[in-house]
Amino acid sequence: MLFSYLGPRGTFTQAALATLEPNEEAHVPAVDVPAALAMVRAGEVDYAVVPIENSIEGGVNATLDTLSHGPSLWITAEILVPVTFVLAAASERSLDSVRRIATHPHAWAQCRGWMSEHLGEVIHVPATSTAAGAKHVASGDSEVDAVLCSAMSAQQYGLTVLADGVGDNPDAVTRFICVGVAGGPLPEQTGADKTTLQVQLPSDESGALLSMLEQFAVRGVNLSRIESRPLGDSLGRYAFSIDCEGHILDERVQAALIGLHRTCPSVRFLGSYPRADGRKAQLRPGTADQDFASARDWIGQILASTRED
């Protein structure tokens, strides 16, 4: 199998992919997240591994938006990768001489405090990934002084590390997902699962957000992430990207999705898959599968008692 990923070689995304497929011959770098996912939709690769969320900046908009538009894709796995950065340059230089730094916007956000303390006023030169920034600096571009990237990227591109342990939060983690075409086999239930959805609300109904959240609350389905994203057709129109605890094969999750489908103009299922941290859902009384089955049996008994022989 082939896997596209946010390239070039040496990105944190490739490090996440390596935990699923160690063989680099199966790794196909893409210039950005939309390109990596487009390769899956075009059948050029079997899966894509892309970032979806980090503990500092939240959701990765390019991933959320690309998943929510176009032919359906399903998430089959998630990977958590601790993220630490180095400041590297093409050759040895003083920190005082660093003024223009290339890196991905999410990496920049995770290191703002450190740079303000150690470098003062510096300029961010956006890159499609941290490794792309490292590659750019290694090319000898005189307009960029240094890059924020992984230690692996600095080594791969022959850069000199000016400072390590760069970052504002030593516990920063980025969450990556493995994505395939929709309609394939679902990962098995583990009891420690997530389901990802994209839900559009009615635009002319007061309390629509409350109604949507109630579909989860009354079935005892906890949300681990909810973010609004613009639909893109006009101002003020949004959809919600949601992670909920549980698997679509769980009765409570199915009931919540049925409720969403009845009350919302658009619901897109984006996959059910094992949680990377293995944490099992804490079920509220009355929300286990057997509780739903028992309730259906009870209704069935009532209906059966009304039938004439």
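The values are calculated or read from the model by the stated rules, or taken from the named source; none is laboratory data. All values reported here derive from a predicted model rather than from experimental measurement. Neighbour counts run over all protein chains shown; Cβ positions are idealised from the backbone, glycine included. Accessible surface areas use protein heavy atoms only, side chains included; no ligands, DNA or RNA. Shrake-Rupley method; radii C 1.70, N 1.55, O 1.52, S 1.80 Å.
Taking the Cα centre of the range 1-135 as origin, sum charge times position over the Cβ atoms of Lys and Arg (+1) and Asp and Glu (-1), and report the length of that vector in debye to the nearest 20. It would help to have the intermediate numbers written out before the result.
Values: 7 positive and 14 negative charges, 72 e Å.
So the dipole magnitude of the range 1-135 works out to roughly 340 debye.
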Problem - J(HN,Hα) series, the range 174-191, from Karplus relation 6.51 cos²θ - 1.76 cosθ + 1.60, nearest Hz, glycine and proline x - result: 10, 9, 10, 10, 9, 10, x, 5, 5, x, x, x, 7, x, 5, 5, 10, x
Problem - Cα-centred dipole magnitude for the chain, charges only on beta-carbon of K, R (+1) and D, E (-1), debye, nearest 20 - result: 200 debye
Practice task
Sort all Cα-Cα distances of the range 74-204 into consecutive 10 angstrom bins from zero, then give the percent of pairs in each bin up to the one containing the longest distance.
Solution key: 12, 36, 22, 17, 11, 2
Handout entry: the range 135-214 - accessible surface per residue (Å², probe 1.4 Å)
Key = 47 Å²
Practice task
Run the numbers on the range 4-64 and let me know its relative contact order in percent, using alpha-carbon pairs under 8 Å that are six or more apart.
Solution key: 36 percent
Practice task
At 0.36 nm per residue, minus the direct Cα-Cα distance, what do residue 69 and residue 235 gain on full extension? Give it in nm, one decimal, please.
Solution key: 58.0 nm
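The chain: percent of C-alpha pairs farther apart than 34 Å?
On the way: 15695 of 47586 pairs.
Cα-Cα pairs in the chain separated by more than 34 Å: 33 percent.
Tell me what the chain gives for mean residue ellipticity at 222 nm when only DSSP H runs of n ≥ 4 count, each as -39,500 (n - 2.57), the sum divided by the residue total, rounded to 500 deg cm²/dmol. Walk me through the numbers on the way to the answer.
Numbers: 9 runs with 95 residues, N = 309.
Helix-only estimate at 222 nm: -9000 deg cm²/dmol.
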Practice task
Determine the gain in length on full extension of the stretch residue 61-residue 121; use 0.36 nm per residue of separation and subtract their C-alpha separation, reporting nm with one decimal.
Solution key: 18.9 nm
Practice task
Would you mind working out the accessible area per residue for the range 1-132, using a 1.4 Å probe, and quoting it in Å²?
Solution key: 42 Å²
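Quantify, in whole percent, the carbon and sulfur part of the accessible surface of the chain (1.4 Å probe; protein heavy atoms only). Walk me through the numbers before you get to the answer.
Working: 7800 of 14940 Å².
Within the chain, the accessible surface is 52 percent carbon and sulfur.
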Fill in the blank from the handout: Relative contact order of the chain (C-alpha contacts under 8 Å, at least 6 apart) in percent is 20 percent
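Roughly what % of DSSP beta bridges within the range 1-76 run antiparallel, to the nearest 5? The partial results should precede the final answer.
Working: 2 of 9 bridges.
Roughly 20 percent of the beta bridges in the range 1-76 run antiparallel, per DSSP.
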Exercise for the section: Evaluate the relative contact order of the range 149-303 (contact order divided by residue number), counting alpha-carbon pairs under 8 angstrom at least 6 apart; express in whole percent. Expected result: 30 percent
Problem - Taking the C-alpha atoms of the range 77-144, convex hull volume expressed per residue in Å³ - result: 100 Å³
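If packing is taken as the average number of other Cβ atoms within 10 Å across a peptide's residues, how do 249-261, 7-19 rank, most packed first? Kindly include the intermediate steps, with their values, before the conclusion.
Numbers: 249-261: 19.6, 7-19: 22.3.
Sorting 249-261, 7-19 by mean packing, highest first, produces 7-19, 249-261.
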Practice task
Pop out the ³J(HN,Hα) list for the range 227-232 in order, Karplus 6.51 cos²θ - 1.76 cosθ + 1.60 with θ = phi - 60°, rounded to Hz; leave Gly and Pro as x.
Solution key: 9, 8, 9, x, 5, x
Problem - Relative packing of 157-165, 206-214, which averages over residues the other C-beta atoms within 10 Å, highest first - result: 157-165, 206-214
Handout entry: Cut-off 10 Å between beta-carbons: net charge of the residues surrounding residue 16, Lys and Arg +1, Asp and Glu -1
Key = 0
Problem - Neighbourhood charge, 12 Å Cβ-Cβ cut-off, centred on residue 110 and excluding it, Lys, Arg +1 and Asp, Glu -1 - result: -2
Handout entry: Ratio Rg/Rh, restricted to the range 179-309 and using Cα atoms, in which Rh is the Kirkwood radius
Key = 1.04
